[in-house]
Amino acid sequence: MTTSLELQAIHKHYGAVQALGGVDLSVAPGSRTAIVGPSGSGKTTLLRIIAGFEAPDAGRVTLGGRQLANGPEAVPAHERGIGYVPQDGALFPHLTIEGNVGFGLPRNTPKRAERIAELMDMVALDSAMLARRPHELSGGQQQRVALARALAQRPRLMLLDEPFSALDTGLRASTRKAVAQLLGAAGITTILVTHDQAEALSFADQVAVMRGGLLVQAGRPLDLYLRPRDAAVAGFLGDSIVLPAQLAGGWADCALGRVAVNDSGRRGAAQIMLRPEQLQVAEVPVEAAARGDACYGAVTDTDFGGSVCVLSVRLVRGTGPAAAAPAPSAAWDEALLVHSPSMHAPAMGAMVRITVAGQAHVFSA
Amino acid sequence: MSALPLDVGADAALKPAVAVLLPAPAAGRSGWRLSWVGGAALVVSLLALLPLGFVLWVGVQTGWDTASALIFRPRVGELLLNTALLVVLTVPLCAVLAVALAWLTERSDLPGARTWAWLLVAPLAVPAFVHSYAWMTVAPGLHGLPAGVMVSLIAYFPFLYLPVAAALRRLDPGMEDSAASLGLGPWAVFFRVVLPQLRLAVCGGSLLVGLHLLAEYGLYVMIRFDTFTTAIVDQFQSTYNGPAANMLSGVLVVCCFALLGLEAAARGKERYARVGTGAARMPSKRKLGRMAALGLLLPALLSVLALGVPLFTLGRWLLAGGAAVWRLDELGPSLVQTLGLALAGALLTSVAAVPMAWLSIRSPGRLQRVLEACNYMVGSLPGVVVALALVTVTVRLPIYQTAITVLLAYLLMFLPRALISLRAGIAQAPVELEQAARSLGRTPAQALWAVTLRLAAPSAAAGAALVGLGITNELTATLMLAPNGTRTLATSFWAYSSEIDYAAAAPYALIMVLLSLPMTWLLYQQSKRTAGR
């Protein structure tokens, strides 16, 4: 059942607009891949080319060794056996739920009714719903029916086009988890397209970030989060703090003082990145900052968000070693974003000492 | 009422009438206006029931014996068969043609698709009896059922093409993608997913075409094909207000209701709107490739038949007649009379539609829906039935044989056109906007004027224009009801073409076509807008 997907140098133009400018991607059998990117980055076009709704201008798509597309010569969608769940489910409004789920099953399929009931079971829907119409179901239920309909084909590959974006926040996480478990248990290779980075990071074994029709970076979610290729990818996958620094021997001198980095070989000027949760703040008396023995800052704004409070901290220039940091830090004068547990969050105007946990990531180039 | 200071600006003269209509003053301010509006809506709805009441009353008056003798005779059977065959043959052909054309113009890469779409709607600007006039010129031997089916097809297919094309544009292509990913080939996708979605459009359009087939007079007289409507007018012209014509019109009304019931049954109860949220992506166009030449043939052929033939014929007669056919002393008064009737009728109909349109948006309810249904029902009755009813009712009144009776007939026939447009217009002015205006210091009357009427005005104007267009091209009721000496464009055209003076009739036909063109363009634009494009 499990099959690997290979994309090689996929190009696609719409008139003068380049939608895809040479995308290579390989998806391991039985794995879950999430394609993320801002709108207009080409992710949906890529998905539609894999599904066979559109043919690439150039490039090759192969699934389990079978060539599906080579430039404009493409196997049509209905001969590919690839499951597809669109953004809003696209259930057929003129058919009942049973008609929808069984749509791809020929009338003479043995045990058709049992198969439909089994599919409803798989997506955790009550078989009593089979007689209902799509508009009588909630958004989450409609998505599940769309999934059951696609699963009926026993697809080798399942494509999900932002299937959770129409659901409300609570339902979204639980549906996502249920779908991931279901597809994992069935061993179906899955590709999810989304613009929601949190969804991508939690859903997938492999995350591929797209931008301007190109695949910028692909890899394991944690690797991408901690070691993004550039500031834009870093920013897309979560809040980030990017600082200019001078590297030497595995350490960086920057506005936060001396910070450990994950690249011991690099020397000279570079950009380093920290995630806000790596910064820890401790409230200190205002006079302490004058000593300048560490990195201090004043809280200029607090944004209460429930469990986590986001603080804006402006660095205070003392007279100690941190103040004598090399030239780049002098120019760096933006507010730092710090994630602090709400329980002990310092108040606005408080003086804090800032420490860095873990290593900072060094951007190449 | 004086306790409600907001009413100060209202017309004091209305208050006695209001008191009658308002049994419970506790209903408050909104109840005040509602009752006044409700009373007006009630009057219009009762008026709308007049033709149906006439048919029932005549049936009772005539008595069963005479009625059955008049109804169950070979002539009626022959007419019934003719009419039924006409409907049964024409409507499905129209539907197939409309779906094929709509698919070609909306879903394929047909060269010049937008131009073809417009050319396929444009035949609506040519009145049906001008179509048959053109065909009689081109092929004088045409007659009977085959000719009736062919000319009806050519004259009426745009009524189906318009809604089907709009529905095709609106369809969510995501559904077709899903069906393809479930292993269905292009043909299977079309028949199992696309076609069922077009059901509402096909049903509605078919009903419209069917009702036109039942009501049309001029087209079938000219190609010598007898239907109920032509027989009723014949009877009316020979025996005047005889029971035979009345009985025939009773059967015709039954036919209309049969069509309405059939459509309601075929429409079913399914919901066809998109289920999901969010914007649908643009549908992709199928490449015709080498089939493009074949695909071009169908719209090209239809454009030649439905536009080319009438325009060619008109051109030919105008050329043959030269300057002599432009008798300005006749054309001028005819144009003035037509425009006068159209303007007065459009105004009267729009005003009459306001109360019901208002109620249906601001105060919908069960009684309101029943009353509204009366308004729509009367529009689906043939003009000949409406005219007969008005003749019977007004014959002893001073308004008999005056323009007032003609205008009343127009009001009844075209009420739905005005109502639908007005409803849409008022729906665009939600009551919240009016309330916002009130909170900004406007009196209710000022708020109504400055917000609601301002927002509803474009739709009201479009509705009035549609009514005016209908009146300009109306023949049957005008022939039967107009006072002596009235010559509208349509009746003048009819008089000349009945005398086989085709050249003299041509200028009138040309003016009718030219007057109708802007409205047809408006219809075309509107159908594009309802599709969200």
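The values are calculated or read from the model by the stated rules, or taken from the named source; none is laboratory data. Owing to the predicted nature of the structure, the values given are computational and were not obtained by experimental measurement. For neighbour counting, all protein chains shown are included, and Cβ atoms are generated from backbone atoms with ideal geometry for every residue, glycine included.
Brief remarks on what is shown
- If only residues of the range A:66-79 that are of a type in the set (Gly, Ala, Ser) and buried (at least 18 other Cβ atoms within 10 Å of the Cβ) are counted, the one that is nearest to the other protein chains (Cβ to nearest Cβ) is A:Ala77.
- Test: residue in the range A:275-292 that is under 21 Å from A:Tyr225 (Cβ atoms), modelled with pLDDT of 85 or more and in a strand (DSSP E or B): yes
- Taken together, the residues in the range A:284-304 that are surrounded by fewer than 17 Cβ atoms within 10 Å (Cβ to Cβ) and touching a helix residue (DSSP H, G or I) at 6+ places or on another chain (Cβ under 8 Å) amount to 2.
- Verdict on A:Arg144 being over 18 Å from the mean Cα position of the chain (by Cα), of a type outside the set (Gly, Ala, Ser) and surrounded by 16 or more Cβ atoms within 10 Å (Cβ to Cβ): yes
- There is at least one residue in the range A:123-130 that is part of a loop (DSSP other than H, G, I, E, B), more than 13 Å from chain B (Cβ to nearest Cβ), out of contact with any Pro (no Cβ under 8 Å at 6 or more places or on another chain) and free of Cβ contacts under 8 Å to residues at least 12 places away in the same chain.
- Residue within the range B:449-468 that is surrounded by fewer than 19 Cβ atoms within 10 Å (Cβ to Cβ) and not in a helix (DSSP H, G or I) present: no
- Residue within the range B:329-340 that is part of a loop (DSSP other than H, G, I, E, B), over 30 Å from B:Gly185 (Cα atoms), modelled with pLDDT under 90 and not hydroxyl-bearing (Ser, Thr, Tyr) present: no
- Among the candidates A:Arg258, A:Arg229, residue that is under 19 Å from A:Val338 (Cα atoms) and charged (D, E, K, R): A:Arg258
- Picking from residues in the range A:151-179 that are closer than 11 Å to A:Val123 by Cα and in contact with a strand residue (DSSP E or B) (Cβ under 9 Å, 6 or more places away or on another chain), the one that is nearest to the other protein chains (Cβ to nearest Cβ) is A:Leu151.
- Selection from the range B:506-518 of residues that are buried (at least 19 other Cβ atoms within 10 Å of the Cβ) and more than 17 Å from B:Val336 (Cα to Cα): B:Ala506
- Subset of the range A:342-363 [more than 21 Å from A:Arg258 (Cα to Cα), modelled with pLDDT of 85 or more and of a type outside the set (Gly, Ala, Ser)]: A:Pro346, A:Met348
- Within the range A:143-156, the only residue that satisfies the criterion of being farther than 21 Å from B:Gly185 by Cα and either at pLDDT 90 or above or assigned to a loop (DSSP other than H, G, I, E, B) (or both) is A:Val145.
- If you go through the range A:11-65 and keep only what is within 14 Å of chain B (Cβ to nearest Cβ) and among the small types (Gly, Ala, Ser), you end up with A:Gly15, A:Ala19, A:Ser39, A:Gly40, A:Ala51, A:Gly52, A:Ala55.
- Being touching a Phe, Trp or Tyr at 6+ places or on another chain (Cβ under 6 Å) and either buried (at least 16 other Cβ atoms within 10 Å of the Cβ) or of a type in the set (A, V, I, L, M) (or both) is a property that A:Ala55 lacks.
- Here the helices (runs of 4 or more DSSP H) wholly within the range B:134-241 that include at least 2 residues being more than 11 Å from every other protein chain (Cβ to nearest Cβ) are B:144-170, B:199-215, B:218-222, B:228-239.
- Residue that is nearest to A:Pro228 (Cα to Cα) [pool: residues in the range A:338-365 that are aliphatic (A, V, I, L, M) and not in a strand (DSSP E or B)]: A:Ala365
- The conditions of being within 17 Å of B:Leu407 (Cβ to Cβ) and not aliphatic (A, V, I, L, M) are met by B:Thr472.
- Hey, B:Leu119 more than 24 Å from B:Leu248 (Cβ to Cβ), surrounded by fewer than 23 Cβ atoms within 10 Å (Cβ to Cβ) and more than 14 Å from chain A (Cβ to nearest Cβ) or not: yes
- A:Arg172 being touching a Phe, Trp or Tyr at 6+ places or on another chain (Cβ under 6 Å) and modelled with pLDDT under 90: yes
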